[in-house]
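Asks: There's a structure below that I have some questions on.
The values are calculated or read from the model by the stated rules, or taken from the named source; none is laboratory data. As the structure is a computational prediction, the values presented were derived from the model and not from experiment. Note that we place each Cβ from the backbone using ideal geometry, even for glycine, and neighbour counts take in every protein chain shown. When the accessible area is computed, the model is the full protein with side chains, heavy atoms only, and any ligands, DNA or RNA have been set aside. Shrake-Rupley method; radii C 1.70, N 1.55, O 1.52, S 1.80 Å.
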Amino acid sequence: MRVLKVIAEGLTTSFRYPHFMQGVQPTFDMPPPATIYGLICSVIGKWVTPVDLQFAYHFTFNAKKENEIEHTHILSGSSGKLKNSGLPKVLEGNINPFKRHLLFFPRLMLYLNRPEWEAAFKSPRYAVALGRSQDLLTFTRVSTLTLERTDHAYLEATLLPYELGLRASRGVAVLMPRFLDYVRNRQPAFARYIMLTSRIRTAELLRFASDPAQQYWIDPESADANGDKLGLVFQSFVD
């Protein structure tokens, strides 16, 4: 399988829980699929079709801070006139401080089933950010790679489909935004995943006698761990 492999690094990032609006904004420890889709679109310069687009990633960071102070401007409709100008006042609001959780020195190793996008990732159309608009990234490597197929690998620092994650006996279950449909006024779609931060060998995954034999894509360039290479679990943005 020929894929595009991109390594991106930055100083900070934050992946806000979508239903936390005020007071505190905790971060996921890994980017949601919708964030990966936004990254891809900023590189290509347009909303790409999510159909048949698949991704896998390996994501790490060096440290986490849980008390960064930011401000938001909460606006609402208003009436009357502005002072000293006589102009109509249409909006008013207050500055609300809140705590945001930050991840420092993120590193994303992204795999896409679009090797033909290599030139685009070497010259992105827009500034590339992961998380907030100020969380800029640098692509330190963009290349194509031929993955290999094997029956044993290790998985780590990645996002697993919920059903597969249940067999891992470790990780954190999360509900993440999977895709934002910009054609339908940013209509969100959510899905359950398992954030797998520690390493697990595929031989350790829970299996049943009726399960068929499993094969995994691996990165042949990845570090070797007792004969295993980094396994990649590709996922989609839409069904």
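Asks: Provide, for the chain, the number of lysine pairs with alpha carbons under 23 Å apart, each pair being eight or more places apart or on different chains.
Replies: 7
Asks: State in Å² the accessible area per residue of the stretch 138-201; use a 1.4 Å probe, count heavy atoms of protein chains only, and round to the nearest integer. Before the final figure, lay out each step's value.
Replies: Numbers: 3460 Å² over 64 residues.
Averaged over the residues of the stretch 138-201, the accessible area is 54 Å².
Asks: Okay, next question. Across the stretch 223-239, in residue order, what do the Karplus-derived ³J(HN,Hα) couplings come to in whole Hz, using 6.51 cos²θ - 1.76 cosθ + 1.60 with θ = phi - 60° and x for Gly and Pro?
Replies: 3J(HN,Hα) across the stretch 223-239, in whole Hz: 5, 8, 10, 6, x, 9, 10, 5, x, 10, 10, 7, 10, 10, 8, 9, 6.
Asks: Can you work out the PRE-style zone for Ala225? Point 7 Å along Cα to Cβ, and I want the residues of the stretch 186-216 with backbone N under 14 Å.
Replies: 196-205
Asks: What nm distance separates the two modelled labels at Arg149 and Asp181, each placed 7 Å from Cα along Cα→Cβ?
Replies: Label-label distance for Arg149 and Asp181, simple model: 3.3 nm.
Asks: Follow-up question, since we're still on this one. By the gyration tensor of its Cα atoms, with a ≥ b ≥ c the square roots of the eigenvalues, what is the shape of the chain: rounded for a/c under 1.5, prolate for a/b over b/c, or oblate?
Replies: It is prolate, given that a/c is not under 1.5 and a/b is the larger ratio.
Asks: At most 14 other Cβ atoms within 10 Å and a DSSP loop assignment: could you name the chymotrypsin sites (Phe, Trp or Tyr not before Pro) in the stretch 11-112 that fit?
Replies: Phe20, Trp47
Asks: Separate question: Per-residue ellipticity at 222 nm for the chain, helices alone: DSSP H runs ≥ 4 residues times -39500 (n - 2.57), over residue total, nearest 500 deg cm²/dmol?
Replies: My calculation for the chain gives -2000 deg cm²/dmol from helical runs alone.
Asks: Rounded to the nearest 10 degrees, what's the angle between the helix 33-44 long axis and the longest principal axis of the chain, both from Cα atoms, 0 to 90?
Replies: 80
Asks: Please sort by residue number the chymotrypsin sites (Phe, Trp or Tyr not before Pro) in the stretch 169-232 whose DSSP state is loop and whose Cβ has at most 11 other Cβ atoms within 10 Å.
Replies: Passing both the DSSP loop test and the Cβ count: Phe208.
Asks: Each residue of the stretch 8-15 in turn: what ³J(HN,Hα) in whole Hz from Karplus with 6.51, -1.76, 1.60 and θ = phi - 60°, glycine and Pro shown as x?
Replies: 10, 9, x, 9, 9, 7, 7, 10
Asks: Using amide H atoms built in the peptide plane, which far-off residues or other-chain residues are under 5 Å from Gln25 H to H?
Replies: Distant-sequence amide H within range of Gln25: Lys99, Arg100, His101.
Asks: Using a Förster distance of 30 Å, how high is the FRET efficiency between Asn67 and Ser123, based on the Cβ-Cβ distance and rounded to 0.05?
Replies: Here the calculated transfer efficiency is 0.20.
Asks: With θ set to phi - 60°, apply the Karplus curve 6.51 cos²θ - 1.76 cosθ + 1.60 along the stretch 194-204 and write out the HN-Hα couplings as whole Hz, x wherever there is a Gly or Pro.
Replies: Those phi angles translate into 10, 7, 9, 8, 8, 8, 9, 7, 5, 5, 8 Hz.
Asks: Roughly how much of Asp52 is accessible, in Å² to the nearest 10, using a 1.4 Å probe?
Replies: 120
Asks: Right, next: Could you sort Lys83, Lys122, Lys64, Lys89 by their accessible area in this structure, using a 1.4 Å probe and putting the largest first? Don't skip to the end; give the middle numbers.
Replies: Numbers: Lys83 185, Lys122 125, Lys64 85, Lys89 60 Å².
Greatest to least solvent exposure: Lys83, Lys122, Lys64, Lys89.
Asks: Can you pull the accessible area of Leu11 for me, 1.4 Å probe, Å² to the nearest 10?
Replies: Answer for Leu11: close to 120 Å² accessible.
Asks: Continuing with this model, one more query. Nearest 20 debye, what's the magnitude of the dipole of the chain about its Cα centre given +1 on Lys and Arg Cβ and -1 on Asp and Glu Cβ?
Replies: In total the dipole reaches around 860 debye.
Asks: How large, in percent, is the carbon and sulfur part of the accessible surface of the chain at a probe radius of 1.4 Å?
Replies: Carbon and sulfur together cover 52 percent of it.
Asks: Tell me, what is the FRET efficiency for Thr49 and Arg141 to the nearest 0.05, using R0 = 30 angstrom and their Cβ-Cβ distance as r?
Replies: Values: r = 26 Å, r/R0 = 0.87.
E(calc), rounded to 0.05, equals 0.70.
Asks: For the stretch 1-121, report the accessible area per residue in Å² (1.4 Å probe, heavy atoms, rounded to an integer).
Replies: Accessible area per residue: 52 Å².
Asks: Tell me which trypsin sites (Lys or Arg not before Pro) from the stretch 188-239 have a DSSP coil assignment and no more than 15 other beta carbons within 10 Å of their own. Don't skip to the answer; put the middle values down first.
Replies: Details: sites: Arg192, Arg199, Arg201, Arg207, Lys229; in loops: Arg199, Arg207, Lys229.
Those that pass, being in a loop and sparsely packed, are Arg199, Arg207.
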